[in-house]
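Have a look at the structure below before the remarks.
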2 protein chains.
Amino acid sequence: MDLLTFGEFSIVYNSFSFTFATMMAATLFFWLNLGSVAAAYRPALVVTGLVTFIAAYHYLQILISFGNAYDVTNGVVTATGKEFNVAYRYVDWLLTVPLLLIELILVMKLTQSETVKKATLLGGAAALMIILGYPGEIAGDMGTRQFWWALSMIPFLYIVFSLVVGLKSSITEQPDSAKGLIKIASLVVIISWSFYPIVYLFPNLGIESAYAAVEIGYSVADIIAKAGFGVLIYMIARRKSEAEGFKA
Amino acid sequence: MDLLTFGEFSIVYNSFSFTFATMMAATLFFWLNLGSVAAAYRPALVVTGLVTFIAAYHYLQILISFGNAYDVTNGVVTATGKEFNVAYRYVDWLLTVPLLLIELILVMKLTQSETVKKATLLGGAAALMIILGYPGEIAGDMGTRQFWWALSMIPFLYIVFSLVVGLKSSITEQPDSAKGLIKIASLVVIISWSFYPIVYLFPNLGIESAYAAVEIGYSVADIIAKAGFGVLIYMIARRKSEAEGFKA
């Protein structure tokens, strides 16, 4: 168990709590707004809320597990010997990353067969990416960490590339009022997703306080990729609903 | 209490947490989508969500009970002497398996008298199957385990056989767009239900890490039979609603 200073413990603990609150609030925002988009976009908004709901559950578990792994008395941090369960993040991603991709596909409103095809291909690649990342995350030595990182990057690059190309080609069919937002969504995908492989390599890069930095880095990436991206999905759904004559 | 390695403890614990998150997410998905199917199919979707909701509750209890049964300090697993309550699974199945069958019967939209008749017969057989399975599950010796397994297989085979035959004969009355999905649903029933009696026999078959394998096996079977099957029920309800001219 890595030893943390009081400051490191504090900032990691509070960032977990912050992320839980953000994810739960985002979930309620998406679901309470279901009635403000046309029926065709409600499945996308339902799934958007599922992603942040599942993340909220896992951040609550992470918060509890982290709190149990350390004892903080009079400002001194000691390890209790209880494990900080890193697997919660991976279990979360295994569920939420495929759903994130499905949420984006749903809001594009493609044909049924295209939707199923894209969801299967991208969802499968996402699951593969996460499964390949886990052995490296729990490995002690840096060589193993780097090896699994490299393998996991193959499906990662495939997904990001497909998304960006797919979004670009489908943009002409979208209403003018939504085009700008879809470009922003595509940019947010690239930026927020790039966070993960970079954060993953923090220990390899010999960054100071790497342990704390990884946890905070993943939390920030999760907030942008799930709650932030979800707000964009909601706005796209609103604009498209309005363009199709929907009145709430 | 069986002794577990740290790896076995970890994978079982995380698979319980994964299953809880999946069941809860599935529940919210079914209920939030009630408005996207015709009124005639909403009872089926309500029951589909009940099944995953009850399962989510039991997996949370299983997770807590499992966590209390073992102490994990510095990567060493020891039994605390607290019992891991196996009964949660059986109580869950006693409630959810009859509901699962009812959910399938409801989405077929049979006549009222047929619905009541089928639900009573199949629901009763399901309850009998679970009650007969329990004494074997908690028995220490393999002979007793096998004896109750065999008894429980009688109602099990009756149910699977009735479902497959029933689905096959009713398929002609279903709209074309839903026929393929109903065939898939029937296949998912056979495959996912077959998991249970096989997993049950793991200890008898002398499988390594049988204790952990049973827990993971049941979790996988539950996810497919409840959440996965539920998504198929939702899709069938959507297709049938569309075929009947329903617009959300």
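The values are calculated or read from the model by the stated rules, or taken from the named source; none is laboratory data. The shown structure was predicted, so the numbers you read here are calculated from the model rather than taken from an experiment. We place every Cβ from the backbone using ideal geometry, glycine too, and count neighbours over all the protein chains shown. Surface areas here come from the heavy atoms of the whole protein model, side chains and all, with no ligands, DNA or RNA. Shrake-Rupley method; radii C 1.70, N 1.55, O 1.52, S 1.80 Å.
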Single match in A:PRO135, A:PRO155 (criterion: under 17 Å from the mean Cα position of the chain (by Cα) and either modelled with pLDDT of 90 or more or of a type in the set (Ser, Thr, Tyr) (or both)): A:PRO155
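Could you go through the range A:46-55 and let me know if any residue there is surrounded by fewer than 19 Cβ atoms within 10 Å (Cβ to Cβ) and under 28 Å from A:GLY124 (Cα atoms).
Quick first cut of the range A:46-55, residues surrounded by fewer than 19 Cβ atoms within 10 Å (Cβ to Cβ) only: none.
Scanning the range A:46-55 turns up no residue that is surrounded by fewer than 19 Cβ atoms within 10 Å (Cβ to Cβ) and under 28 Å from A:GLY124 (Cα atoms).
Looking only at the range A:76-90, filter to residues that are open to solvent by 40 Å² or more (accessible area, probe 1.4 Å) and touching a helix residue (DSSP H, G or I) at 6+ places or on another chain (Cβ under 8 Å); which one of those is farthest from A:SER152 (Cα to Cα)? Walk me through how you get there before you give the answer.
Here is the first cut: in the range A:76-90, the ones open to solvent by 40 Å² or more (accessible area, probe 1.4 Å) are A:76, A:78-80, A:82-83, A:86.
Subset that is touching a helix residue (DSSP H, G or I) at 6+ places or on another chain (Cβ under 8 Å): A:76, A:79-80, A:82-83, A:86.
Working: A:VAL76: 38, A:ALA79: 31, A:THR80: 33, A:LYS82: 29, A:GLU83: 25, A:VAL86: 17 Å.
Filtering the range A:76-90 for residues that are open to solvent by 40 Å² or more (accessible area, probe 1.4 Å) and touching a helix residue (DSSP H, G or I) at 6+ places or on another chain (Cβ under 8 Å), the one farthest from A:SER152 (Cα to Cα) comes out as A:VAL76.
Select, from A:VAL165, A:VAL116, the only residue that is of a type in the set (A, V, I, L, M) and farther than 30 Å from B:SER177 by Cα. If you could, list the steps in order and put the result at the bottom.
On the way: A:VAL116 fails: farther than 30 Å from B:SER177 by Cα.
Criteria check complete, one pass: A:VAL165.
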Candidate set from the range A:224-248 (those that are more than 14 Å from A:THR27 (Cβ to Cβ) and charged (D, E, K, R)); member that is surrounded by the most Cβ atoms within 10 Å (Cβ to Cβ): A:LYS240
Counted residues, the range B:1-19 - those being over 12 Å from B:ILE62 (Cα atoms), touching a residue at least 12 places away in the same chain (Cβ under 8 Å) and more than 9 Å from chain A (Cβ to nearest Cβ): 7
Conditions (1) surrounded by fewer than 18 Cβ atoms within 10 Å (Cβ to Cβ); (2) more than 14 Å from chain A (Cβ to nearest Cβ): number failed by B:ASN68: (2)
Residue within the range B:188-198 that is under 30 Å from B:GLY245 (Cα atoms) and either part of a helix (DSSP H, G or I) or out of contact with any Asp or Glu (no Cβ under 8 Å at 6 or more places or on another chain) (or both) present: yes
Of residues in the range B:23-50 being over 10 Å from B:ALA227 (Cβ atoms) and of a type in the set (Phe, Trp, Tyr), the one modelled with the highest pLDDT: B:TRP31
Output for the range A:91-114, where each listed residue is surrounded by fewer than 18 Cβ atoms within 10 Å (Cβ to Cβ), in a helix (DSSP H, G or I) and either touching a Pro at 6+ places or on another chain (Cβ under 8 Å) or not small (Gly, Ala, Ser) (or both): A:GLN112, A:GLU114
Meets criteria (within 26 Å of B:SER15 (Cβ to Cβ) and open to solvent by 30 Å² or more (accessible area, probe 1.4 Å)) for B:ILE184: yes
Matching option when the condition is at pLDDT below 90 and in contact with a helix residue (DSSP H, G or I) (Cβ under 8 Å, 6 or more places away or on another chain), among B:PRO203, B:PRO197: B:PRO203
Scope the range B:193-223; condition of a type in the set (Asp, Glu) and open to solvent by 20 Å² or more (accessible area, probe 1.4 Å); matching residues: B:GLU208
When residues of the range B:135-147 are limited to those that are in a helix (DSSP H, G or I) and open to solvent by 70 Å² or more (accessible area, probe 1.4 Å), the one farthest from B:PRO98 (Cα to Cα): B:MET142
Residue list for the range A:20-31, restricted to those being within 11 Å of another protein chain (Cβ to nearest Cβ) and open to solvent by 10 Å² or more (accessible area, probe 1.4 Å): A:TRP31
Subset of the range B:75-127 (residues that are within 14 Å of another protein chain (Cβ to nearest Cβ) and at pLDDT 90 or above): B:VAL76, B:VAL77, B:THR78, B:THR80
Selection status of B:ILE130, modelled with pLDDT of 90 or more, open to solvent by 30 Å² or more (accessible area, probe 1.4 Å) and under 30 Å from B:SER17 (Cβ atoms): no
Residue count, the range B:32-57 (criterion: within 11 Å of chain A (Cβ to nearest Cβ), in a helix (DSSP H, G or I) and not hydroxyl-bearing (Ser, Thr, Tyr)): 4
